[in-house]
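Have a look at the structure below before the remarks.
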Amino acid sequence: MVSYLIRNAQILDGSVPQDIHVADGVIKAIGAGLDVETDIDIDAHGLVVLPGLVDLHTHLREPGREDAETVLTGTQAAAKGGFTAVHAMANTFPVADTAGVVEQVWRLGQASGYCDVQPVGAVTVGLEGKQLAELGAMHDSAASVRVFSDDGKCVDDAVIMRRALEYVKAFDGVVAQHAQEPRLTEGAQMNEGQVSGELGLGGWPAVAEEAIIARDVLLAAHVGSRLHVCHVSTAGSVEIIRWAKAKGWDVTAEVTPHHLLLTDELVRSYDPVYKVNPPLRTEADVLALRKALADGTIDAVATDHAPHPAEDKDCEWAVAAMGMVGLETALSVVQQTMVDTGLLKWEGVADRMSHRPARIGRLSGHGRPVSVGEPANLVLFDPAYRGTVNPDDFATRSRNSPYRGLDLPGRVHATFLRGVATVLAGELVEGGGLA
Ligand SMILES: [Zn+2]
């Protein structure tokens, strides 16, 4: 196995840069001026070292939509973004609602070698919201599923949601809800507000998200189970989650990078690259989300990486698919919105993008501290780098990035998966972690 000496990396905010010796898949030693023989020497002067990032919300599209993404291209994109584990959402074709499909996705992840893939199981058969899927069989499978979600669709039937919450308690699972009241969002095309009024586009009101979150935190408390709220997008949702947490209920939440940076003003361009679900909201929502991530009310950043081929995006706004790619820009957006604004230190970024998401997904081996003896899942990030986003350079198979042409700070220099570099000098390593 290849060994590495990472020289002069910044491990904690304000600490003296240290050397990190990586061998046999683990962190062997940390210290100043380490004197060890290794195969590869990396000058990490000026680089921040973080635990490998963990994404709770990734659409890898395989099986079924390999024209948009495959497990291989999606995990390559993840590695380039600094991720060492991603949760693959269940809305594939076929839907990941059986032990067979989640095992297939899990095995494809193992074979990729670039990033661990933890399949998310569907809550209901076919994501149809009518009948609970085989949650226990998916948990007992080789994929050991613990996170269940009908993401893309809301589990809107209160009885089904209650049963799912009750069921997952048996194995410490969690239901991750895409909170969208379906009747309130029929024909919705963008955030309901001043801009939708001026453009005459169908509105997706904040209350459609907030009403479901309010119901679900009450249900989770009632049955004593664990709820995770996907892609929180409104200031009102933050208030409800803050209230639920103050009650001591086991509720966690995530926010996407795009909801931390972009607003519904962008929809004035009618460029479908800005069409996403939940929609881009207002400046006041963006600021409330940043504050909630900073104070821990929102636990995690999750990308909701949603690749779509050009034909589904290069079309009229009304018929375009919803979603944006995000794995390769997530850390840069978080630097711009949370670190450069003084809201989070790098330790806080490690907490919201690695420690907490790993804990929510119950992933052992990820989200660990950068300490001797720990698995060497690491990312070296250069916060001083300045560049213009060009999606044509991405590893993801799709190009639907809302950041094209935008100057974003920072760049992933290297990513290590259990002690093997998947990315070096900003480029994918051939064979990834299997090399
Ligand atoms: Zn969703």
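What follows is calculated from the coordinates using simple rules that are stated; it is not laboratory data. Everything quoted here is computed from the prediction, not taken from an experiment. Glycine also receives a Cβ, built like all others from the backbone with ideal geometry; neighbour counts cover every protein chain displayed.
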Inset, instruction - For Arg268 and Leu199, calculate 0.36 nm times their separation in residues minus their Cα-Cα distance, and state this gained length in nm to one decimal. - result: 24.1 nm
Legend entry - Compactness relative to 2.2 N^0.38 Å, alpha carbon Rg of the range 243-377: 1.17
Legend entry - Segments 165-178, 227-240 sorted - mean Cβ within 10 Å per residue, highest first: 227-240, 165-178
Inset, instruction - Would you give the gap between the C-alpha center of the range 329-346 and the C-alpha center of the range 393-414, rounded to a whole Å? - result: 15
Inset, instruction - Please give the helix 158-168 orientation as an angle from the longest Cα principal axis of the chain, in degrees from 0 to 90, rounded to the nearest 10. - result: 30
Legend entry - Residues of type lysines that Lys169 reaches as a straight line, Cα spacing below 26 Å, ignoring anything fewer than 8 places off in the same chain: Lys130, Lys153, Lys245, Lys247
Legend entry - Whole-angstrom gap from the range 157-234 to the range 236-296, using each part's C-alpha centre: 13
Inset, instruction - Taking every pair of alpha-carbon atoms in the chain, give the share separated by more than 31 Å as a whole percent. - result: 36
Inset, instruction - Provide Rg over Rh for the range 313-435; use the alpha carbon set for both Rg and the Kirkwood Rh (inverse mean inverse pair distance). - result: 1.00
Inset, instruction - Compute the acute angle (0 to 90°) between the alpha-carbon long axis of helix 235-246 and the principal axis of greatest extent of the alpha-carbon atoms of the chain; round to the nearest 10°. - result: 70
Inset, instruction - Check the straight Cα-Cα distances from Lys345 and name the aspartates and glutamates below 20 Å, setting aside those fewer than 8 residues away within the same chain. - result: Asp13, Asp55, Glu254, Asp295, Asp299, Asp382
Legend entry - Antiparallel %, DSSP beta bridges [both residues in the chain], to 5: 50
Legend entry - With eigenvalues of the C-alpha gyration tensor scaled by 5 and rooted, the range 39-130, Å: 30, 13, 11
Legend entry - For the chain: relative contact order, % (alpha-carbon pairs under 8 angstrom, 6 or more apart): 20
